[in-house]
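The values are calculated or read from the model by the stated rules, or taken from the named source; none is laboratory data. Bear in mind the structure is a predicted one, so any value in this text is a computation, not a measurement. Here the Cβ is made from the backbone with ideal geometry for all residues, glycine too, and neighbour counts use every protein chain on show. Remember, those area values only see protein heavy atoms, side chains included, never the ligands or the DNA or RNA. Shrake-Rupley method; radii C 1.70, N 1.55, O 1.52, S 1.80 Å.
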Amino acid sequence: MERIILLLLLVFYQITFSQKELNQTEKLTATCKVWGFLKYYHPNVAKGDFDWRNQLTEVLPKIEQAKTKEEFSSVLENWINSLGEIKKVEPIIESDTIKYFDKNFDLSWINKTKLFSKNFSEKLRFIEKNRFQGDQYYVGYLRAQNIFVKNEDFPKIYNYNKNLRLLAIFTYWNIIEYFFPYKYLMDQKWDVTLEKMLPDFIVEQNDDQFYLAMQKLTAKIDDSHNVFVKYRRNTSFYYLPIFGKIIDEKLIVTEILNPHITENYAVKVGDVITKINDKKIADHIAENKNLICTSNESRFLHDIVEPILSGSEENIKLEFLVDNKTITKNINWVDYDSNRYVLTHQKGYSAKKEKFKILSNNIGYVNMEVLKVQDIPNMIEKLNASKAIIFDLRNYPNGTYEGISNFLNSEEKKFAIYTRPILNYPGRFRWDDQGSSSGTQNKNNYKGKVVVLLNEESLSQSEWTAMCFQTAGNITIIGSQTAGADGNVTSLDYMPALHTSFSGLGVYYPDKRETQRVGIIPDIEIKPTIKGIQEGRDEVLERAVNFIETGK
């Protein structure tokens, strides 16, 4: 009798549980994954036979009406059945020559999702085994074999309804899910981000709220190659034409971008700003934490400077620390649109900067920001007899790595290998062990000491160039953590008035050490100090000269 009662209770529990009403976030999370999977895997969808945007719009009301697991799975099954027959193909043989990189690859949700019936999960696995093998309709390869997005027909941003907001998050989430090489390095798992961000897209939004939700979403990929640009503005935009560095939760002015505009501001290099509009720098940092996408804290503190020195108001209130006392100044900001040339000629403007020179004690110095390929022969001629050369990569170089590497190396050496996305098995990447090499057979290569200067401004090609130079062997890296973003950039402009991007290739040292988020590790770490900036010193360069002279 007890056995019968226990059996009845078990049956009752199963019936009750199976009919438990599902919440919207659960259903939409699963729908997002199914929609993206079908987009890139289903033979008829991946080749472009369906308007996949409209398909989502049509299925969403049915998803919303589904109350139980059985009803939800039934909606999805009927949807797949409507897409046409999937022909069973010969087993797709994985090539023995391909070395797979699978830290990003995870289709386990097909079987683990508690909302799917067993029959529906089997349908998805069948599609995986018989996946599309032709030219993808929605993505293609760029020259470096990172992807580009194509055939995404988004309407204008204005007055987004709920379905269009969901289309936006579904599209972006799945692009990153299948084609971002560093997904496995995110602080927060991408699945969790989807679950947590979906409620922001379900609620009714105006344009600004929608853009804010998208910006928060893109910030979660933790990639310094990510940018978020909203092309359309409803208000005027103002900024203060200076640049600075955040040290100890204070903003130190390091550069006046246009002296003609700021001459009446009484702001100078070395000034210590403690508050902006009555708000501490630490509070500005906290407010922007979820809005600015960077690979590490060093780059975040660099990228936050511009947004906290700009806004929609016409003036700004600054609090300065002078001789341990605070003073306050009210300053009119500069209108961006009427002074756009200032931004064009701001930090990085290099017309008057020396490309290379000889410092004291026969030490060569090269500013990689302004050195061009055509300058390399002259540089070699002038610096070849120096006892050491400092290559300053605290900036973005101009493709000069090869010519300089041939000068530094005595032979060809590999300095980087890559992971590249596989379009006929979305989500998987392959190792490209051939990678990139630098240097050439050169008995007359440079024999002196070589120092490379790096910091948080060293991004992408700067980091890649440093990796290239490291093969010479006599290289010492001096400075601080770099931006931690390497690999060709994939840009996303699939939505009107919105631009974003991400690192499209995985870049590693030949021994497979990571550079993403980590950056290039300095041999000697040193950072500028407030005192050094106020004294007009370049403490990182000074440390390099001291190392050359003393060997320590």
Q. Measuring from label point to label point, each 7 Å out along Cα→Cβ, what is the ASN362 to GLU249 span in nm?
A. 5.1 nm
Q) Using θ = phi - 60° and the Karplus curve 6.51 cos²θ - 1.76 cosθ + 1.60, what whole-Hz ³J(HN,Hα) does each residue of region 136-147 get, with Gly and Pro shown as x? A) 4, 6, 9, 9, x, 8, 7, 4, 7, 6, 7, 8
Q. Could you sort ASP96, ASP207 by accessible area so the largest value comes first, with the probe set to 1.4 Å?
A. ASP96, ASP207
Q.
Using the Kirkwood formula on the Cα atoms of region 103-226, what hydrodynamic radius do you get, in angstrom to one decimal?
A. 16.6 Å
Q | Other-chain or far-sequence residues with amide H under 5 Å of GLY364's (modelled H) | A | LEU359, LYS387, ALA388, ILE389, ILE390
Q) Pairing the Cα long axis of helix 24-41 with the longest principal axis of the chain, what angle in degrees results, from 0 to 90 and rounded to the nearest 10? A) 80 degrees
Q.
For a distance above 17 Å, tell me the whole-number percent of Cα pairs in region 86-162 that qualify.
A. 71 percent
Q. Given a 1.4 Å probe, how much area per residue of region 459-545 is accessible, in Å²?
A. 35 Å²
Q | Dimensionless Rg over Rh [region 55-111; C-alpha; Kirkwood] | A | 1.13
Q. Heavy-atom accessible area per residue, region 165-292, 1.4 Å probe: how many Å²?
A. 41 Å²
Q. Tell me, in nm to one decimal, what length is gained between GLU152 and GLU381 on full extension, where the rule is 0.36 nm per residue of separation less the Cα-Cα distance?
A. 77.3 nm
Q. Can you give the alpha-carbon Rg of region 213-333 over 2.2 N^0.38 Å, where N counts its residues?
A. 1.09
Q | Between helix 69-81 and the chain: long-axis angle, C-alpha atoms, 0 to 90°, nearest 10 | A | 80 degrees
Q: For an R0 of 30 angstrom, estimate the FRET efficiency from the Cβ-Cβ distance between GLN133 and SER74 and round to the nearest 0.05.
A: 0.50
Q.
I want to verify the translational diffusion coefficient of the chain in µm²/s; compute it with Stokes-Einstein, Rh as the Kirkwood radius over Cα pairs, at 25 °C and 0.890 mPa s.
A. 92 µm²/s
Q. Given a Förster radius of 30 Å and the C-beta distance between GLU94 and GLN188 as r, what FRET efficiency does 1/(1 + (r/R0)^6) yield to the nearest 0.05?
A. 0.45
Q) Hey, what does the equivalent ellipsoid look like for region 509-552, semi-axes from the Cα gyration tensor as sqrt of 5 times each eigenvalue, largest first, whole Å? A) 27, 16, 6
Q: Please turn the phi angles of region 490-497 into ³J(HN,Hα) values with the Karplus equation 6.51 cos²θ - 1.76 cosθ + 1.60 (θ = phi - 60°), one per residue in order, whole Hz, x for glycine and proline.
A: 9, 9, 10, 10, 6, 10, x, 6
Q. On a 0 to 90 degree scale, rounded to 10, what angle separates helix 190-202 from the longest Cα axis of the chain?
A. 80 degrees
Q. Using heavy-atom solvent-accessible surface (probe 1.4 Å) with all chains present, what is the largest-first order of ASP323, ASP432, ASP486?
A. ASP323, ASP432, ASP486
Q | Antiparallel content of DSSP bridges confined to region 404-513, in %, to 5 | A | 75 percent
Q. In square angstrom, what is the accessible area per residue of region 61-148 with a 1.4 angstrom probe?
A. 61 Å²
Q. Just from its helices, what would the mean residue ellipticity at 222 nm be for the chain, if runs of 4 or more DSSP H residues each count -39500 (n - 2.57) and the sum is divided by every residue, rounded to the nearest 500 deg cm²/dmol?
A. -10500 deg cm²/dmol
Q. Per 5 Å bin, what is the whole-percent P(r) computed from every C-alpha pair distance within region 159-279?
A. 2, 9, 15, 14, 13, 13, 12, 11, 8, 4, 0
Q) Restricting the count to DSSP beta bridges whose residues both fall in the chain, what percent are antiparallel, rounded to a multiple of 5? A) 75 percent
Q: Could you tell me what percent of the accessible area of the chain is made up of carbon and sulfur, with a 1.4 Å probe and every protein chain present?
A: 48 percent
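Heavy atoms only, 1.4 Å probe, whole protein assembly: order ARG299, ARG537 by accessible area, highest first.
Listed by decreasing accessible area, they come as ARG537, ARG299.
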